[in-house]
Every structure is written in C-alpha cells, then in structure tokens.
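These notes are about the structure you will find just below.
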2 protein chains.
Amino acid sequence: MNRPLRDHDLQAPIAVRTLHDELVDRLRSLIVDGTLAPGTKVNEQMLCDQFGVSRTPLREALRSLAGEGLIVQTPRRGAMVAPITRADLEEAFPIVGALEALAGELAAPNFTDADLIAADALQTRLEAAHADGDLAAHRAANEATHALILKVAANPTLERLIRGLDARVSRARRMANLSAERWGQAVTEHREILEAMRARDGAWLGAALKRHLANKLSALRDHLPD
Amino acid sequence: MNRPLRDHDLQAPIAVRTLHDELVDRLRSLIVDGTLAPGTKVNEQMLCDQFGVSRTPLREALRSLAGEGLIVQTPRRGAMVAPITRADLEEAFPIVGALEALAGELAAPNFTDADLIAADALQTRLEAAHADGDLAAHRAANEATHALILKVAANPTLERLIRGLDARVSRARRMANLSAERWGQAVTEHREILEAMRARDGAWLGAALKRHLANKLSALRDHLPD
DNA sequence: GTCTCGTTTTTTGTATTCAAAATTCTGCGT
DNA sequence: ACGCAGAATTTTGAATACAAAAAACGAGAC
C-alpha cells in the first residue's frame, strides 16, 4: 500500500541526549571511579537531591544499571552498588577474555593500514608511559588499543557486553595498583597483540588477548581480599 | 566497633517475587514467544491495561528489558520490540558461540557421573524426538542439555549473558523451522557434544559447541529475509 | 546491660497528576 | 485527489502523592 509521507517519516534518527541516559552515565561514572564504593547502600532520595531530579527517572536509571550488573537490587530493601567479590572477578574475567578474543578474531581480517598505524602509535605511547611511570597514560593507551580492536570488530552487541563487564571489572583495578613486574609484562603482551594485529591473524590475536586477560586476572588475584 | 545485633541482621536473604520481576518475565515471554512481534511499537497504556498496573512499574520493566536487548527505546518516541534483523543475528551468534564454548571449557572438568548419566538420557530423548519428528521434544531436550552444561559451568554471570542473548536469538528460530537435513545434523552434533562431555575434554567440548552454534546460524541464514 | 515488643520514622513501591513533545485529525487551498 | 498549516488528541517524560513495608528508636522486663 502506498501511504502518503508524513512529517515523522523524514525525521532524522539523530539520538537525543535524554535525562535517562544522562543519569545512567553520571551514576556509572560515580560507580566506576569509586566515588560510590562497592557495597554501598544506595539511598534514592539522597541521589535525587544530588542530581536534582525526582525519584521516577532515578529509579529507571537504577534499573538500567542493574541490567549492567553495576547495581544490585533487593526487593523492598533497595539498591546497592554491586560489591566486588573475588568470586565476581573470577567469573567475569574469563568471560571478558573470551569476548575480547572473539573481538580480535572478528577484527583481525579487517584492519586497515590506518588502523595499524594508529595501533603502532598507541603502542609507542604505551611504552613511553611505562618508561615514565605514568600510570594514567598507560591506562589511556591501553584502553584506546582495546577500543580500536572493538571498533574494527564492528559488532555493537559485543562492544556493549564487553563495556558492561569491563565497567564492573575495572573497579577492581583501582584497588590493586600495578606492580612494576606486571606492568612490564603487560607492555610485552601488548607488543605481541600489536604483532598479531599487523599479521591480521585472527587466531593469534584472539589467543594473545585471551592470555592478556588471564594474566591480568592472576596479577589482580594477589592484591585482592578474601 | 561492636554494634548490637538488630532484627534485620538475621533476615534470611530469601528472594521475594516482586511485581517488577513478574512484569519483566511476562513481557519477556510475550516477546520471546512472538506474541509481541519483533518491530512492534509498544504502547505503554495498552500494556498497563493488560497487566492491570500503572505506568511507573511498567516503564521500569521496559528499562530492564531494554538492558537485555529485547526492547529498543527511542527518546520521546517510546519503545518497540527489538526487531530481528539479519545483521542482529550475525552479531549475536558468534557471541553466543564464544560464550557457550567458554561454558563448555569451564564445565568439562567438573561433570559428575550423575551429570553424564543425565546428559546421556537427554541425548536419548533428542534422538527419539528426531525419530518421531517431535519438534517440541527436540527443543526441550536441546535446551536441557545446554542448561546442564551451564549449570556445571557454575558461572552465574555467564549464564545470565547467554540467556539474554538466547532470548533474542531464539525468536528467530521460530521463524525458520528446522529443515530435515539440519535436524539430523543437529542430532549428530549433539552426539559429539556428549562424547566431549564424557571425555571431560574442555577444548573439545568448547570447539564442538562453537561449531554447533555456527552451523545453527548458517542453517538460519537461508531462511531469513534480507 | 540487653533483650523484647511496640511505636515512630524512613524508605521503598506504585498510582496519580501535570507538562511537553509527538502524532493524528481537520479543513482549506490547489 | 493531494499537500499543508494548525488545532485536537494521544503518548511520553517527570514530579508529586499515597500506601505498605522496613529500619530506627525507645520504654519496660528481665
């Protein structure tokens, strides 16, 4: 059937920044950067006052974050920031490993020369950060590399899942600061990751990423309570 | 400090069945079984009337389902049941494959003899269902097998992720009914999965599950629009 | 002191209400 | 018919209001 065109048919699908997204993002930041410590009981009214919104949108934001696993809700008892338990990390890391490996496999055949040049630059920055002992720079370069792989993997669902898990896991990283030994090892591992990218070898890249994650977990293990 | 014990310290952590969970479950069912077809625009008031609740809890349920990817929300335009696009499936299947493979790897060393007996019985039912052409029985046995592996893998996060993705993917299965050829292939693949379980061989089981999923996707590809 | 039971206060869950945006409807002009 | 501007209606987003449950408090018994 040939329906006449209506105004809304032409509406560009530009994403509007909505209050819900805003709240989710701000809360996520507070949780990930540790301002809202793991295990903290969340008081709705308090957050409402802080953000200047009513409880309705705040509660919706909490539901979204619960879906990401950053918030744990107990009926009639309210919400709390998801605690980081050792068991939690032992659960999450293999999953992140498997997903990152998949991202690597998917991405490997599709790296453009520009991507590889960018990866190269990131590796240079990573090594410089190591030499300087600049932890923030190290993390930035590290994250950018993983982001690059995710971008080329071109799988939004995969990206969403990894980011969700990563938000949970990365809270633990702050607790245990990188030992000198582990730091050097991480740089070496990234060197291999770069090589695998250059070779556009999916199996290799996947395996290297998986190992990288596994080592990250064992490094973290020693620094965690329980 | 030694705080005196209070009543609530003793409260058993029994999970209360809450309205939110109820709504999420019912909506998920409607979506997964196709009553709410993919791409359908969701009218809040309509659902409220149907469920006999007000919009507040319903909207929270929609947020939760959006987190699972079953609902897509557009600001100021409302919600719709997530469409099943070909691209969607191409995205989701490799992820499910990687996660099921991980589940297999984690589970393999931990199968008890009782688990293997149960798996054996399920395989028998699977073959019987095939012989009888009983699709429902096939699906039940199939799902039970995967559930068994997930149970032994003992990773709640992994289970949650797989179930979430599976809810999205399994909607597509209804659209494309199993060809006779694919059905037989699936049974054979399950035979290998059972063997790998018996051998408690993680790498083998993981690989077998991954192949199983990959084949499922190619079978589905032919029956999908686009 | 501390345990218990009942009362008060806080907090959560849900319904209702109000405002703003989007969609549909209507009448006019071509 | 068709397109279009503007009014009427629906629908979404957010705040408020109310009910019920949980937590905190407090007085009396032991």
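The values are calculated or read from the model by the stated rules, or taken from the named source; none is laboratory data. Everything quoted here is computed from the prediction, not taken from an experiment. Counting neighbours? That spans all protein chains shown, and the Cβs are built from the backbone with ideal geometry, glycine included.
Data overview
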item	result
Every residue from segment B:54-71 that is crowded, with 16+ Cβ neighbours inside 10 Å, outside any helix (DSSP H, G or I) and within 13 Å of DNA strand D (Cβ to nearest atom)	B:71
Any hit, segment A:77-94, residues being within 11 Å of another protein chain (Cβ to nearest Cβ), within 13 Å of DNA strand D (Cβ to nearest atom) and surrounded by fewer than 21 Cβ atoms within 10 Å (Cβ to Cβ)	yes
Qualifying residue in segment B:169-190 (condition: closer than 17 Å to residue B:115 by Cβ and in contact (Cβ under 8 Å) with a residue 60 or more places away in the chain)	yes
Number of the exception - residue A:61 against (1) at pLDDT 95 or above; (2) farther than 17 Å from residue B:67 by Cβ	(2)
Sole residue being of a type in the set (D, E, K, R) and modelled with pLDDT of 95 or more, chosen from A:25, A:33	A:25
In segment B:48-76, residue nearest to the chain's Cα centre (by Cα) [restricted to those that are among the polar types (S, T, N, Q) and more than 9 Å from chain A (Cβ to nearest Cβ)]	B:50
Unique residue being surrounded by fewer than 21 Cβ atoms within 10 Å (Cβ to Cβ), within 11 Å of chain A (Cβ to nearest Cβ), more than 26 Å from residue A:158 (Cβ to Cβ) and out of contact with any His (no Cβ under 6 Å at 6 or more places or on another chain) when the list is B:21, B:33	B:21
Any chance residue B:144 is over 16 Å from residue B:194 (Cα atoms) and more than 14 Å from every other protein chain (Cβ to nearest Cβ)	no
Close pairs (6 angstrom Cβ cut-off, 6 or more residues apart or separate chains): under 22 Å from residue B:35 (Cα atoms) in segment B:83-95, among the acidic types (Asp, Glu) and surrounded by fewer than 20 Cβ atoms within 10 Å (Cβ to Cβ) anywhere	B:86/B:226
Test set (1) of a type outside the set (A, V, I, L, M, F, W, C); (2) touching a Lys or Arg at 6+ places or on another chain (Cβ under 9 Å); (3) at pLDDT 95 or above - residue A:50 fails condition number	(2)
